[in-house]
Amino acid sequence: AVLKKRLVKLVVNFLFYFRTDEAEPIGALLLEHCKITKEEENVFSISFIEEPERKYCFECASEEQCQEWIEALKRASYEFMRRSLIFYRNEIQKMTGKDPLEQFGISEEARFQLGTPKQ
């Protein structure tokens with residue numbers, strides 16, 4: 001394993017990485033179908049379902065910073081955002097009796113809807 005110092009930037013569900021002396025990213029990881037694992041006190045890793053043998057390790061300045069990164073990365077995937085949208089949509093609908101997305105033309109049959117179909 002080769003250790004390299006990189007700067008990283010999380011943008012929605014992409015983790016861009018940069019050389020410390022360059023402004024343009026040298027690569028990006030799409031944070032979908034991945035597993036975020038705490039390896040050591042201030043080290044975490046990202047591995048992907050399609051390539052479980054390949055692991056990207058990141059060392060942080062502190063354990064607190066490591067935990068913040070882990071939480072942010074876990075919330076960055078489309079799947080997490082989808083589940084959150086469904087949960088909050090259902091909670092708002094329970095409280096108000098109205099579908100909060102109806103005003104945007106998103107029907108009950110929308111692709112991200114979970115649960116049993118209404119008949």
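The values are calculated or read from the model by the stated rules, or taken from the named source; none is laboratory data. Since this is a predicted model, take the numbers as computed values, not measurements. FYI the Cβ positions are ideal-geometry reconstructions off the backbone, even for glycines, and counts take in every protein chain you see. Protein only, heavy atoms only, side chains kept; ligands, DNA and RNA dropped before computing areas. Shrake-Rupley method; radii C 1.70, N 1.55, O 1.52, S 1.80 Å.
Residue under question is Tyr17, and the condition is that it be hydroxyl-bearing (Ser, Thr, Tyr), free of Cβ contacts under 8 Å to residues at least 40 places away in the same chain and in contact with a Pro (Cβ under 9 Å, 6 or more places away or on another chain); does it hold?
Spelling it out, Tyr17 is indeed hydroxyl-bearing (Ser, Thr, Tyr), free of Cβ contacts under 8 Å to residues at least 40 places away in the same chain and in contact with a Pro (Cβ under 9 Å, 6 or more places away or on another chain).
How many residues are modelled with pLDDT under 90, part of a helix (DSSP H, G or I) and either of a type in the set (Val, Ile, Thr) or closer than 21 Å to Lys4 by Cα (or both) if we restrict to region 53-98?
Looking only at that region, the number is 1.
Of all residues in region 7-25, which are open to solvent by 80 Å² or more (accessible area, probe 1.4 Å) and not in a loop (DSSP other than H, G, I, E, B)?
Residues satisfying the conditions are Leu7, Lys9, Phe14, Arg19.
Kindly provide the set of residues from region 83-104 that are among the aliphatic types (A, V, I, L, M) and open to solvent by 30 Å² or more (accessible area, probe 1.4 Å), ordered by number.
Listed by number, the residues that qualify are Leu85, Ile92, Met95.
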